[in-house]
């Protein structure tokens, strides 16, 4: 899976290593820039730019979370748990730490299995 597929596609599954290396790591500089604009510069123009960057980052953030939760064999609707106070912590545990389903599941083949 390429970085572009990781950030912009909603199909398939994503392993933990791909999630961190091809998803979160490329998004880190954008997040840092966004925080500097929002809280460091803190002018109206900088905050407006930070809000636009935040809106643009919704797509890749959702794509990453969806593919990762598909790897755990959950529907995308599972991500709505984020809306429940404190219960959203479990979604983070599933996204960040737990291994995906071994072998194929309803969302595709196991990303850790080598296919020839």
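The numbers here are math on the coordinates, done by the rules we state, and not lab data. All of these numbers come straight from a predicted model, not from anything done at the bench. No Cβ is skipped: glycine too gets one built from the backbone with ideal geometry, and neighbour counts run over all protein chains shown.
Computed FRET efficiency, Cβ-Cβ of residue 38 and residue 8, R0 25 Å: what is it to the nearest 0.05?
Working: r = 24 Å, r/R0 = 0.96.
So the FRET efficiency works out to roughly 0.55.
How do 71, 18 rank when sorted from fewest to most other Cβ atoms within 10 Å of their own Cβ? Write out the running numbers ahead of the final one.
Numbers: 71 27, 18 22.
Arranged by neighbour count, lowest to highest, 71, 18 become 18, 71.
If you fit an axis through the alpha-carbon atoms of helix 44-71 and take the longest principal axis of the Cα set of the chain, what angle between them do you get, 0 to 90°, nearest 10?
10 degrees
Remind me, relative contact order of the chain in percent, using alpha carbon pairs under 8 angstrom and six or more residues apart? Please report the intermediate quantities before stating the final value.
Working: 121 pairs, mean separation 40.4, N = 116.
The value is 35 percent.
Can you work out the FRET efficiency for the pair residue 101 and residue 56, with r the C-beta to C-beta distance and R0 = 35 Å, to the nearest 0.05?
About 0.65, to the nearest 0.05.
Dividing the convex hull volume of the Cα atoms of the chain by its residue count, what figure in Å³ per residue is obtained?
Values: hull volume 12.6 nm³, N = 116.
It is 109 Å³ per residue.
Find how much the distance from residue 87 to residue 17 grows on full extension, using 0.36 nm per residue of separation minus their present alpha carbon separation; answer in nm with one decimal. Intermediate results must be reported in sequence, preceding the final value.
Values: separation 70, 0.36 × 70 = 25.20 nm, distance 2.43 nm.
The span from residue 87 to residue 17 would gain 22.8 nm if fully extended.
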